[in-house]
Structures are given as C-alpha cells and as structure tokens.
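Dropping a structure here in structure tokens format, bear with me for questions.
The values are calculated or read from the model by the stated rules, or taken from the named source; none is laboratory data. Everything quoted here is computed from the prediction, not taken from an experiment. As a convention, Cβ positions derive from the backbone with ideal geometry for all residues, glycine included, and neighbour counts pool all protein chains shown. Calculation scope for accessible area: heavy atoms of the full protein, side chains included, ligands and nucleic acids excluded. Shrake-Rupley method; radii C 1.70, N 1.55, O 1.52, S 1.80 Å.
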Amino acid sequence: MAAGALALLTGCATNTMTGRTQMSLISDEAVSKQSLSYYSAMVGDYRKKEKVIDAGPVKERVERITNRLIAQAVLYRPAAAQWDWRVTVIDDPETVNAFCMPGGLMGIYTGFMEKLNASDDEIAQVMGHEIGHALAGHGAEKMSLQLTSNLVVMVLSAATAQNARDMQGTHAALSVGALAFVNRPNDRLTEHEADRIGIELAARAGYDPAAAVTLWDKMGKLSGNQRAHFLSTHPSSEQRAQTLNDMQEPMRKFQTRALEAQAGQAPRQGHANHHGHGHEHDWLNAPKASRPVIDESKAIALYSPRWEDFEMGRIELKGSNTPGFVMKQRALKEMHDQARWRDLASTVMDLDHRLDLSYHYLGVAAKGMGFEGAGRRYLERARQLGEDKTTSCVKSFMISC
C-alpha cells in the first residue's frame, strides 16, 4: 500500500496551457465521462421540476455569450473543440450560481442574472471564469488530489489503528485533515488561474474587461446571502481585485482587436489573426462534424508581458544553463517535431539559455504561430550566435544540435 501511495504522489504532469505542474492521476476523458453522467442526472432532475429554460430571450442571451467564449477557448486548448459543449439555464431566481464541469458542461441560474442585474459583459466574465476552470483541468486535478489524500489516509489509518473500529475512526479524522491540508491551499491558486483565463477569454470575445471588477464588487455585496452559492465554491482573496485591475490595459487591447475583427476590420499589423471563422460557429447546437478544425500547432498562449515580448521579437536570452538545456534537449526536439510551437517557445524562454539552438527554436516557433517578423529576428540571432564557439550548439559539443 505504501508503494501505491508513493506512485500516486509522483503522478504529476505539466499543464501546457498554464505552465503549472499539476497532480494528474485521472485522464480528462474519464473525468469528462463522470461529469456528463452527473450533469445529465442534474439537468434531468431540474427538467422534471420544470426549471430548465429551453427557449426564449434568456436562453438566447446566454447561448450567444457562451458561444463567443467557446470560440476563444478552443484556441488555447484545441482538443476542447471536440468537447460536448452544453449550457443549461436553470430557472431559480433565488440562486446566484454558475458552473462549467470538465468537458464543457455549463449551467447558469436565473438568480445570477436577476439578483446581480448582470450585464452581458458580466455574464461573459463569470462564464469565462468557469470555462477557465475546465480549460485548466482543475476538475481532474481536484479528483487526483482527493484520490491521493484518500490513499494516504488509508495508509496512515492502517499503520496506527489497533483494530477495525479504531481504523474506521482514525480514517474519518485523518480524512478531514487531509482535505484541509491538501485541497484548501489549492483553492486560491485555481481561482487565480480561472480569473486570469476568464478575463482573457471574455476580452478576446469582445467583452469589457472592466466587468470582471464590477462583477466581483456585486458578488461581495451579496456575501451575506446564504443563496449566493457561487461565493461558497469560489472563495475570493484580497489579491483578486488587484489582479483584475492590473490586467485592464492589456485586456482592453484584446477587446479592441476582437471588436475590430467582429466589425470586419483587419487585425492590427504585427499581430497574428487567431480568430479565423470559429467565432461565427454555433458550438452549442450545431453538429460536431461541422465544427471548425483547430490547428494544434497554433495553440495560443495566455497573456504575459514576456509572451508579448516573444510575439514582438524582443526576447533576449541571457542565462547560461547548459546542464538544464541538455536535460531538456530531447523534450525540445519532440515539441519541435510535433509542431507544438507554444510549448516549445515557453520552454525555451523558461530555460533562458543563450545558445544558437535556443534562438532557432524561438524563430521556428514564432513563424509557426504566425509572428513572421519575430521569427526572422530570432533566426538571424541564431545565425549570429552560431558563429561564436561559446554560443554555438555544435561547437559546444552538445548531445544533439
């Protein structure tokens, strides 16, 4: 059993969208199947109670907003283009809540719109936040953490119990501690990630990023309402408002580009057009076979000042980390061969190793993602560094260049 616990504790993987290492013991497919089963039962129960709104202005409004968000979500995680995207509007004017389960299974209560007098921009922020949880794999991560804590509890219970009854009592007591220790510290992190993803999805879909701040202001005023379930499952933090405020300027740029694209204008020079025709598709109602094909090689990255520098060709690698680069060479080559340009560029920037091969990878990745000017600059830098034996991969006798 101890060996099993050790195996669970080492079951981690890097989320290529967020760049964070997460516990990964359950596949996305398995989590999505479980979610679909639960979602279907839940919606069926609400339908029996005649609390599902299937048509009319409210349903159309929610579908219009979520369709625009989905069109952006699949650009970050192309595999999500084949998710079973659904949204259910639940007629419960007293409940302030919204959710998105793994696999794109969404729901929103009428109380959220009515009690908050929510604008389209604010609805986009909360649904973007919920989709962010799904995109970042938070559901699978929570289930993996729960499995890990359960097994550790079983091991400790067996080691300390004197008899079967004692083991049962010890197991129950340790379970509470495990949940508090393992799951609670993760809440702030996953909420921060969902905030980051949500405001960006909404901005890229053309919604006002300022609504992220007004939404949480309204939520805060409802904190004394016992039916504001969203607050109990989505804990706030002192940094939330500051983080969302700090992101207003770059998100406003995304919103402007989105509105220009929706108006039929060309994107600004220097920025790749990631929209294609996906924003016009009905992801919720049209057959899966008619969905746009999302190119895995062009998966986009979440905004950061460093990623913006990459797009503009401004990245300067200054470090000297030969051992780290050698250890990552095989992985870098695989990313290159599989055309995983976002992951390749992110990994090279994280390594920060000043080498001609590093810049070559940046150049190829930039060109692959549509940043032609940046790609040319990085490839020229690679050529220059290749002439210096201290920064040439071949002359440095690396494993593979």
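How far, in nm, would the chain grow between TYR38 and ASP350 when pulled straight, counting 0.36 nm per residue and subtracting the alpha carbon separation? Each step should come with its number before you reach the end.
Working: separation 312, 0.36 × 312 = 112.32 nm, distance 3.93 nm.
Gain on extension, TYR38 to ASP350, equals 108.4 nm.
Between GLU387 and ARG314, what's the calculated FRET efficiency when r is the beta-carbon distance and R0 is 22 Å? Round to 0.05.
Taking R0 as 22 Å, the efficiency between GLU387 and ARG314 is 0.50.
Let me ask something additional. Going by accessible area, probe 1.4 Å, with all protein chains left in place, what is the ranking of ILE70, ILE53, largest first? Walk me through the intermediate numbers first.
On the way: ILE70 0, ILE53 35 Å².
Ranked list, largest accessible area first: ILE53, ILE70.
Along the Cα→Cβ direction, 7 angstrom out, place labels at LYS395 and ASP45. What is the inter-label distance in nm?
Distance between the two pseudo-spin positions: 7.0 nm.
Just to confirm, what accessible area per residue do you get for region 298-339 at 1.4 Å probe, in whole Å²?
That works out to 58 Å² for each residue.
OK, next. Estimate the FRET efficiency between ASP54 and MET327 by the formula 1/(1 + (r/R0)^6), using the beta-carbon distance for r and 41 Å for R0, to the nearest 0.05. Display every interim value, and only then the final one.
Numbers: r = 55 Å, r/R0 = 1.33.
It comes out at approximately 0.15.
A further question follows. Can you bin region 284-334 into rounded, prolate or oblate? Criterion: square roots of the alpha carbon gyration tensor eigenvalues sorted a ≥ b ≥ c, rounded for a/c under 1.5, prolate for a/b above b/c, oblate for the rest.
Working: a/c = 4.31, a/b = 1.92, b/c = 2.24.
Oblate, because a/c is 1.5 or more while a/b does not exceed b/c.
Taking 0.36 nm per residue of separation and subtracting the Cα-Cα distance, what length does fully extending GLN248 through GLU296 add?
Working: separation 48, 0.36 × 48 = 17.28 nm, distance 2.86 nm.
So the chain would gain 14.4 nm between GLN248 and GLU296.
Short version: ³J(HN,Hα) in whole Hz for each residue of region 294-301, in order, from phi by Karplus 6.51 cos²θ - 1.76 cosθ + 1.60 (θ = phi - 60°), x for Gly and Pro, what are they?
Rounded to whole hertz, the list is 9, 6, 4, 5, 10, 4, 8, 10.
Could you pull the Cα extents of region 47-119 along its three principal axes, largest to smallest, in whole Å?
Over region 47-119, Cα extents along the principal axes are 36, 29, 20 Å.
Considering only protein heavy atoms, what is the solvent-accessible area of VAL58 at a probe of 1.4 Å, reported in Å² to the nearest 10?
60 Å²
Shifting gears a bit: In terms of the Cα gyration tensor, with a ≥ b ≥ c the square roots of its eigenvalues, is region 309-394 rounded because a/c is under 1.5, prolate because a/b exceeds b/c, or oblate?
On the way: a/c = 1.64, a/b = 1.15, b/c = 1.42.
Oblate, because a/c is 1.5 or more while a/b does not exceed b/c.
Quick one: order GLU114, GLU122 from most to least accessible surface, probe 1.4 Å. Don't jump to the answer; show the numbers that get you there.
Values: GLU114 115, GLU122 10 Å².
Ranking GLU114, GLU122 by accessible area, largest first, yields GLU114, GLU122.
Then there is this: Taking amide H atoms as placed 1.01 Å from N in the peptide plane, list the residues 5 or more away in sequence, or in a different chain, whose amide H sits under 5 Å from that of CYS393.
ASP356, LEU357
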